[in-house]
Every structure is written in structure tokens, then in C-alpha cells.
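Report on one structure; see the data block that follows.
The values are calculated or read from the model by the stated rules, or taken from the named source; none is laboratory data. Keep in mind that this is a model prediction, so the values were computed, not measured. Cβ atoms come from the backbone with ideal geometry, glycine included; neighbour counts cover every protein chain shown.
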Amino acid sequence: MSEEGIGTLEELSSWPEEQCRRELPSVLPRLLSMYQHSESWIEHIQILKIMIEMFLPHMNHLTLEQTFFSQVLPKTVKLFDEMMYELTTQARGLSSQNVEIQTTLRNILQTMVQVLGALTGCVQHVCAAQESIMLENIHSLPSSILHVIKSTFVHCKNSDSVYSGRLHLVSDLLQALFKEAYSLQKQLMELLDMVCMDPLLDENDDVLNMVLVIHSLLDICSVISSMDHAFHANTWKFIIKQSLKHQSVIKSQLKHKDIITSLYEDMLFSFHSCLQLAESMPLSDAQDNADYKLFQKTLKLCRFFANSLLHYTKEFLPFLSDSCCTLHQLYLQIYSKLPPSLYAARVSKAHQEEIAGTFLVTLDPLLSQLLTFQPFVQVVLDSKLDLSCDLQFPQCLLLVAVMDKLPSQPEDVQALWCTKSQVSEAMSRQSLLQAIFYSFEQCSGELSLPVHLQGVQSEGRAEVAVTFYQHVCVHLCVFIASLHPSLFPELDAALLNAVLSANMITSLLAMDAWCFLARYGTAELCAHHVTIVAHLIKSCPGECYQLITLSILLKRLFFFMAPAHQVEFIQKFSPKEAENLSLWKYISFQALPTEFRKQTTQEVTRVGTVQCRKWLSGSHTLGDLESLNSALSALVAVCVSAGETLDVGQQTAVMEVGSQLWAFLSIKQVTDQPCVQQTFGLLLSLLGFFVETLHPQLICQVVTLQTSLLKFEPPDHVCLAMVDFLSSLGKLFIPHTLQVNKILPYLSCILALLLADKNWLLEQHTLEAFTQFAEGTNHEEIVPQCLSSEETKNKVVSFLEKTGFIEETEAAKVERVKQEKDIFREPSAKVSVEVTKWSSLQTCTKRARHEFPLEEQYRSALQTAEKGLEVTESLLQKAPAPPWLLAEMEALQARIEQLKRSVR
């Protein structure tokens, strides 16, 4: 600056207020020109301070933007950025020995503080000028100040790394810089609070400027979140306040996803900080402890963020379509870190209750707001939703929470959640009920431990914790009771699909819910469902897991039928007809009233024994075994649930066919043919009911066959049938002539082999059967002979004393379950490797399992047919065909075409 310029500044600085006002039109252009052309930071500051302190108060507030801010502030921002760059660059050389750099850095920092002070003067002047301000008259001021503030906070946040351990040499000025920026932002927020916008405006510069201000403050929030919690919260409060204040004008211009995402990140950060503090606090700490006070402050911050999110979501919900994934994740992430989640932080019960009472209560109304929002429904029920192991349990809790809220909602909202939808191949969603069952299935670890949740408090009774299974089942039943009638088809479909699930626990949940529906609904509805299930069972092509679950459901539902409807069922599916035995074998006759029970059991027994004799008098082919097994199953069902209704003649008839059928069994057939294995198991069950009246020679044959069969390592279900039969032998007195050389040695051998088996299910059943046998038998000498090794002895002793084989702490058990969940979730290639590793702890599979039920029987039947065709072909080469052969072959071909259609 020239000497004349310096002289001018010194002269201007001594002018009185009236002279500044009078000379403003002539002096301001000169000062602006000097400011634009000045190259010294010190001179810049001098000129800037003179313009703001002496001449700004006399400018027309309506023309501030054109005459002053638009000309001064861009240069000021550029000046500040240059100083910040120089500061950051020079800071690398800072040391206590290098006095020159230390002085330079301190001078820059002092100059920056002055710049911030000058900008504060601008804001104070505008605030003092009027009560309401139009943003268009000052729009350069907020944007410039926010740029400078953010730059300052970023520098202060990174100061440890910028000054490389020599922060103490400039810490006093950095602190002053932060305080000045802090003060400047507070002043700016006060100014912006006075800004008015025309609500009739749709989109103009004012709208865009306000949106820019809000998002700039959002950027600042991300910088100061870990620096000053109170300041951070106040900044957020201002953002929400301004968004709502100008909502009608800026709602379509705001970047709502950015705001929701930032709130989500800040809330999660505070929540995790809260959990870390709670984990580190001993329970014995007094409530005036410093850590506890910090915990409370952080918890209040969590609540503030949650309330802010709640308020913002309520006002801008229609614009939050692309934020639904974030809102969904928020719920999952929070509940994954709280008990009873397996992945929860280790927090005391007292702190859990404090977190729930202060913070979690806000998530419930947030969910209520989102309940009617279709994009949120799409995200939560997405068919392709792939959650990590730690989020599967929270997802199920979320679905249950939604289910609890729907009864109070109108029909259209219930329909929104309870019906499937497919917008495109990429976008499809399940119904809520489908999602509940699927999500429940993913929570194997939480079900196996099991984890416990807060139960429903009954009037006059203390609240009791319930298992996760009970929690879902109870809430599902409550939901079913309140479901709108128009959604019953969706309910029926979801329950049936879940019953037919390959997952046992999912099928059980669906059956429990279905049984509730049968009891809660009308008697006609129950009868209708029983009829449907009965037809489904009869239409099953063969043995499969779906048939097993349907048969269990039928047995349970039959108990809830009204007597009149049971009579109709008996008439519709008459036990007098052999084809209905495949149905009656699944029904418990205890469900029938006394007056119907005896008649029905006698009819089933008569038809069943007739079918058995028919097979005995026939060709004894494997193809006829299916009808034989149905007859035997029906006879077993009668003996299990209504054996007391059989008279002596019927009992004798059953024993006779059982004894005669046993004579046809061979070790090779039982080893090779699954259908014969089923016959073997059914005969053992049947003979077990009459074991006390069986001829000793027959018992000897049965035990001998079992001993020989064990050498061929039969499938587990065959071994389980043996175990059940052996347990019934405990009440049998064996004649002395058969004890020494036949039955007792075989018995001890069978029990010893089964007790040594490593399959956990077979092992458990064998231990139970051995205990029952040992407690009831008169032949006590056999008991020690079964304990063939020290390992077996220890196993039996542990079972009797109800002690585990492996001592496992609760924490170790949780970690093991988490590892298992991870393994089951991995792709099949990795799972196969892991399963191989884990299977080293178990015995190898005795027999390969087949992907399809009854696969061996299918292969055997086709091989038999193929051999028959080969024989026919050979005969045609030797002699002319008989006249009837062509017609029989055409009929056979028609039957093959029919079978092909069934396969398709």
C-alpha cells in the first residue's frame, strides 16, 4: 500500500460517526478498491475492520448484498483459505527451536481470529438492523461464514496430526480460534432465525440459499460431533428447526436422505458410546460418579437425536422413500446391541432399564409413523433381504412389533403389510406373516439357547420372562385373533406354507398358531381345516417330511373338533374303507368321545388285520408293502391311543398277524429296502404293546434278528425302533430255559452296542430305554453286562445324575451358538468344509441321505419294471405273442403316460 493509502486508513480510523455516515458514498468505493488490490494479510484486515466497524452501520440494509457483501466476502473467504493453506503447510516445520516458524504460525492464527471477529461484526450489525430479514438481501453472508467456520473446525479437529505433537506451542491461539468460530456460528444461527421467506415461493434463489445453509450446517455437524456434544446438539436443533420453519417452501429441495443418514450416524455413535460407558461402569459405583454422569449425558444425547429423527420423519415422511433402508437399519442396529441379542453389549440390568426408559421409548412412535408408509413396508418385507447373523433376531423383533401395532390400524394398512406384492423381478415383498415365519427360522441360535424376553404381565401376577419361541407364538396368536376377515386367505396360505417348511421349529410355530385359530375360531372353521388337512395327507405321493408335519397337525386339530363334526369326519373318511387307513393311522382315538371311540377303533382294527392277512395270502411283493405299512400304522395308532377298547379276540388277531408277518423279514431286506425298514419298525412297535403275552420263542427270534442287524449298521430310525422295543422288555419275565443261551446274552449285546453309538439322538433314546429296562427288569444280572466299557459306564452315570458331559460357561455357550449361526449362513461350498470339520466330533453318517424321499423305492420299482420288459422282449424272440398281449401293453403305456404327467 502506498504512503497515501496508509495515511488514508489512519485518517479514516479517527473519523467520528457522523462524518463516516456523510462520506460513505465517496469513501466506500475507494476502500473496496483498496481491499480488492491489497496483497498483505495485515492490510486486508485493517481495511476490512474499518469498513465493518465504521461504515457498515450506515449502509442501507436493503442494498447490503449488492453494495458490500457480494464484493467483500468472496475476497475474505479467499484470504482465509490462503491463510489456512499456509498454516497447514508451515505447521510441519514447527518446533520450539525454530522461533521464526513459530512466530509466523502464531501471526497467521492471530490474523485468522481477527477475520472471524470481523465477520462476527457483520452478523451483529445485520441482527441489530431489523427484526426480520429477507435472505436475498444478505445471501452471501451465511454461505461465506459457514465455509470459514467449517474450515476452522476441521483444522482444530485435525490439529493433533497437523502439528505433529507440538500442539502446545500454538494451543492457546487454536483455542481462541475455535471459540471465535463457535461464537460466530451462534451469532449466525441467531441471524438466520430472523430470516423470513415467502411461503408462496416455490423455487428461487432464496429457497436454494436456505437449502445450502441447512446442508452446510449439516456438514459442520459431522465435523464437530466428537468435539463438543452440546454445540453439536444445538446445531442439529437449529437444522431441524429451520427445516420445519421453512418446510412449505424448501421441502422438495432439501436432501432429506443426507439429513436422515447424518441423524442415523450420530444417533448410533452416541448409542455405542453410551453402551461402552455402561460396560465399563461397575455396579457398585455411586450415581454421582463422573462416568455415570457422562453416561447420563450421552444417553440424553441419544434421546435428543431420536426425538429429532421422530420430529423430522413426521413432517417429511412423503419425501423419505430413499431413507427407508436407513430407518430400517437403525432399528436393527440398536436392538442387535441390546439384550437378549447374542451380540449385545454386556450391560447391567439397571443400565439396560435406564437405556430403555430414556432412549428406546422413542423408537416405538417412530415405527408407528412408518407403519403406513409403503416404501418402508417394501424394505422391511423385501423378499431378497439378506441380513447378517447379528441382525436376524432384531428383524424378527421388528416384525413382531409391527404385528402388535396392526390391529389398531384400518383394513387398508393391514392389507398393505399382510399381502404379497411384486412390482418387478427385482422388487418383490413377502407378506408380514410369511416374513415372520422366515425371520423366525433364521434365529436358530436364539431359539436353541434359548434367550428370554419380557413377558406379558397379567393382572395380579408377577411378570415372568418368556422364551423367544413363546414371545413370538403369543404375539402371533394375538395378531391372528384381530386380523381382518378379508385377510384370512393370506393367513391360511402363510400357515400352510410354514407347516410344510423343512425347518422343524418353524413348522411347530405354525402348528401352534393354527391350533390357536382352531380353538379361537368357530367349530365350522375347525372342521373345515381338518378336512383340508386330511385331503392333503391323502394326496401326498409318499413318505416325506411334509406328510409328517401334516399328520401331526391333523392329530392336534382333531382334538378341537366338535363331536358332531367328528361324526361327519368318520362318515366322510370311513374307517371301514382300506384306503382311509392312511389317514386314520395319524389320528389319536383319545380325541373321540367314548361312544364313538370303541366302534371306530374296532373298525380300524378289523380293516387293518384284513389288509395284513390279504398281504400274507398274496404274492408278498415289495410293491404291496405300502398298503401293508398303512394297515400296520393304523393298528399301532389304535394300540397307542385306545388299546383298552380292543377285546381279547381283536388283540389275539393283531398278535397273530404280527407274528406271521415277522416270519417274512430277513436281514438283507431290512438292510437294503427302506419300505421293509418301515415294516420292521412298525412290527416292533406292535409287538411291544403285547410283549407280556408274546410267545418266548417269538421274542427270541426278534432279539436274534436285531443282534444280527446291528452288525450291518442300519439307519438311525431302525435303531430307534429297536430301542423302543427293548424298553418294553423290562417288564417281561424270561423263562430260565431261554435266558442263558438265547435272549439275555443277545439283549446285553444289543444294549451295549446302542449305548456306545455316538449319534446324540440315538444315544439319548438308548439311555432312556436302558434306564427304563434296568428299573423294571427282574433279570438284574444283565444290567452290568450292558456297560461294556468305562466310557459307557460314565455316560450312564452322568445321565442318571443329570450332569452334562462337557462343562460350558454361559458366555462360551453363546459364542459357540454364534459360530454355528455363521457357519449355517455361509454359502454351501464353505459350509461343506466347515461341516466336515465339525463332523469329526460325531460319527460318520452310516448311510448316504437322499435328496428325495423314497428314492431307493423309486429306483427299485423302475428296475423291476425294466427287468419285466426285458423278459417280455426275450419271449417275443422265442415265440409268437398271445392275442391279449397288445391290449395289455397299450393299457400299460397309458398308465405310464399318466405317471409322467404326475411327475411333471
Would you be able to say whether some residue in segment 154-175 is closer than 30 Å to SER248 by Cβ and not polar (S, T, N, Q)?
-> no
Qualifying residues in segment 56-78 (those that are in contact with a Phe, Trp or Tyr (Cβ under 9 Å, 6 or more places away or on another chain) and surrounded by fewer than 20 Cβ atoms within 10 Å (Cβ to Cβ)) - the one nearest to ALA118 (Cα to Cα) | LYS75
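Output yes when any residue across segment 190-211 is polar (S, T, N, Q), buried (at least 18 other Cβ atoms within 10 Å of the Cβ) and under 25 Å from LEU109 (Cβ atoms), and no when none is.
Keep residues of segment 190-211 that are polar (S, T, N, Q), which gives 204, 209.
Restricting the remaining residues to those that are buried (at least 18 other Cβ atoms within 10 Å of the Cβ) gives 209.
Remaining after also requiring under 25 Å from LEU109 (Cβ atoms): none.
No; the residues of segment 190-211 include none that is polar (S, T, N, Q), buried (at least 18 other Cβ atoms within 10 Å of the Cβ) and under 25 Å from LEU109 (Cβ atoms).
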Limited to segment 402-435, what total is found for residues that are of a type in the set (Lys, Arg) and modelled with pLDDT of 95 or more?
-> 1
Is it fair to say VAL604 is in a helix (DSSP H, G or I), more than 35 Å from the chain's Cα centre (by Cα) and of a type in the set (Val, Ile, Thr)?
-> yes
Conditions (1) touching a Cys at 6+ places or on another chain (Cβ under 6 Å); (2) more than 21 Å from CYS302 (Cβ to Cβ): number failed by ASP219 = (1)
The one condition in (1) buried (at least 20 other Cβ atoms within 10 Å of the Cβ); (2) not small (Gly, Ala, Ser); (3) not in a helix (DSSP H, G or I) that PRO339 fails to fulfil = (1)
What pairs can you find where one residue is in segment 679-697 and charged (D, E, K, R) and in a helix (DSSP H, G or I), the other is surrounded by fewer than 16 Cβ atoms within 10 Å (Cβ to Cβ) and at pLDDT 90 or above, and their Cβ atoms are less than 7 Å apart, with a gap of 6+ or different chains?
-> none
Across segment 520-579, which residue is nearest to MET504 (Cα to Cα) among those that are assigned to a helix (DSSP H, G or I) and among the aromatic types (Phe, Trp, Tyr)?
-> TYR545
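Among the residues of segment 109-166, which ones are on the phi < 0 side of the Ramachandran plot, free of Cβ contacts under 8 Å to residues at least 40 places away in the same chain and within 50 Å of the chain's Cα centre (by Cα)? Before you say what the answer is, go through the steps one by one.
First, the residues of segment 109-166 that are on the phi < 0 side of the Ramachandran plot: 109-163, 166.
If we keep only those that are free of Cβ contacts under 8 Å to residues at least 40 places away in the same chain as well, we get 128, 158-161.
The answer is ASN158, SER159, ASP160, SER161.
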Please find, within segment 318-347, the residue that is farthest from the chain's Cα centre (by Cα) out of those that are at pLDDT below 95 and among the aliphatic types (A, V, I, L, M).
-> VAL347
So LEU301, is it crowded, with 16+ Cβ neighbours inside 10 Å, in contact with a helix residue (DSSP H, G or I) (Cβ under 6 Å, 6 or more places away or on another chain), in a loop (DSSP other than H, G, I, E, B) and of a type outside the set (Val, Ile, Thr) | no
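Which residue, of VAL640, VAL657, is β-branched (Val, Ile, Thr), assigned to a helix (DSSP H, G or I) and buried (at least 21 other Cβ atoms within 10 Å of the Cβ)?
Numbers: VAL640 fails: buried (at least 21 other Cβ atoms within 10 Å of the Cβ).
Being β-branched (Val, Ile, Thr), assigned to a helix (DSSP H, G or I) and buried (at least 21 other Cβ atoms within 10 Å of the Cβ) holds for just one of VAL640, VAL657, which is VAL657.
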Condition met for VAL170 (in the same structural domain as PHE68 (by TED's automatic domain parsing), among the β-branched types (Val, Ile, Thr) and either in contact with a His (Cβ under 6 Å, 6 or more places away or on another chain) or more than 24 Å from LYS75 (Cβ to Cβ) (or both)) | yes
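So which of VAL115, VAL126 ends up being in contact with a strand residue (DSSP E or B) (Cβ under 7 Å, 6 or more places away or on another chain) and buried (at least 19 other Cβ atoms within 10 Å of the Cβ)?
On the way: VAL115 fails: in contact with a strand residue (DSSP E or B) (Cβ under 7 Å, 6 or more places away or on another chain).
It is VAL126.
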Can you tell me which residues in segment 607-649 are at pLDDT 90 or above, closer than 19 Å to GLY542 by Cα and hydroxyl-bearing (Ser, Thr, Tyr)?
-> SER630, SER633
Residue ranges of helices (runs of 4 or more DSSP H) in segment 38-141 with at least 2 members aliphatic (A, V, I, L, M) and in the same structural domain as LEU177 (by TED's automatic domain parsing) = 70-90, 99-129
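Within segment 347-426, considering only helices (runs of 4 or more DSSP H) that don't extend past its boundaries, which have at least 2 residues that are more than 20 Å from SER323 (Cβ to Cβ)?
The helices (runs of 4 or more DSSP H) meeting that bar are 349-358, 389-405, 411-418.
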Residues satisfying the stated conditions in segment 492-541, i.e. surrounded by fewer than 16 Cβ atoms within 10 Å (Cβ to Cβ), of a type in the set (Ser, Thr, Tyr) and within 19 Å of GLN470 (Cβ to Cβ) = TYR520
Determine, yes or no, whether GLU524 is touching a residue at least 60 places away in the same chain (Cβ under 8 Å) and acidic (Asp, Glu).
-> no
With segment 793-889 as the region, which helices (runs of 4 or more DSSP H) entirely inside it contain at least 1 residues that are under 31 Å from the mean Cα position of the chain (by Cα) and modelled with pLDDT of 65 or more?
-> 810-825
